[in-house]
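Student: A single structure is presented below for examination.
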Amino acid sequence: MIVDDPADLFGADRIRQPGLTTGTPGLPPAPHPHTQRPGTTRAAEPEQEDPLGPQVNKPAATGHAMAAQHRTNTTFGEFLTDIVNIAIKAAVDKERAQELGASLGRVADALRDMATDLVGDHNISSQVVDAVTDLADAAARMKALAERCATECETASEAARLAAICVGRVYGEDMKAKNDAGLADVSAAVHHD
């Protein structure tokens, strides 16, 4: 059944109203503004501070303050998200490069076949045949570059994956040692030299 206007499918009494979709009716807009519930909002981003200026202590999640010079710009969760995204993107790029290499191989083969066919035709200039052969050679070189790119992308993806695993393992060990020692925070080795 073809329906020009979805409202006709449900009858004239269900013609589009603001806040409702055609088909399954939704709830009307709330009559009053809602209050925010705990846990439904993000914490405000920390203000950028001058590392050479006075130390400003901000409470950390544990309820104690940490000097700005000791806080990191990137959290562990942000690092893991970024590194995993790098691994995924590199894996996708590898697949694309492999597909491109395969396509370029087919193009090179087709151009070589074309050049072979043109050699026997006396109406085709040798310059045309040479140009087609050059295109086939160029496609073959591009195929080799695409295959190299695929290999490098695979290496990058694996390296990012291993980095995430290694950093996650060391971070877990550090957090276990911190918790076992009953510490709220840990300091970097540079502070102990």
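The values are calculated or read from the model by the stated rules, or taken from the named source; none is laboratory data. Note that the structure is predicted; figures quoted are calculated from it, not measured. As a convention, Cβ positions derive from the backbone with ideal geometry for all residues, glycine included, and neighbour counts pool all protein chains shown. Remember, those area values only see protein heavy atoms, side chains included, never the ligands or the DNA or RNA. Shrake-Rupley method; radii C 1.70, N 1.55, O 1.52, S 1.80 Å.
Student: Within segment 148-193, how many residues turn out to be open to solvent by 90 Å² or more (accessible area, probe 1.4 Å) and modelled with pLDDT of 95 or more?
Tutor: Qualifying residue count for the region: 3.
A quick yes/no check of all residues on (1) within 35 Å of the chain's Cα centre (by Cα); (2) farther than 27 Å from residue 85 by Cα:
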position	(1), (2)
107	yes, yes
123	no, yes
128	no, yes
139	yes, yes
142	yes, yes
150	yes, no
157	yes, no
175	yes, no
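Student: Let me ask another. Suppose we filter 117, 130 for residues that are open to solvent by 90 Å² or more (accessible area, probe 1.4 Å), more than 29 Å from residue 153 (Cβ to Cβ) and part of a helix (DSSP H, G or I); which single one remains?
Tutor: 117
Student: Criterion first (assigned to a helix (DSSP H, G or I), open to solvent by less than 90 Å² (accessible area, probe 1.4 Å) and touching an Asp or Glu at 6+ places or on another chain (Cβ under 6 Å)) does residue 101 satisfy it?
Tutor: Yes: the conditions hold for residue 101.
Student: Let me ask something additional. Any idea which of 92, 107 is among the β-branched types (Val, Ile, Thr), loosely packed, with under 13 Cβ neighbours inside 10 Å and modelled with pLDDT of 90 or more?
Tutor: 92
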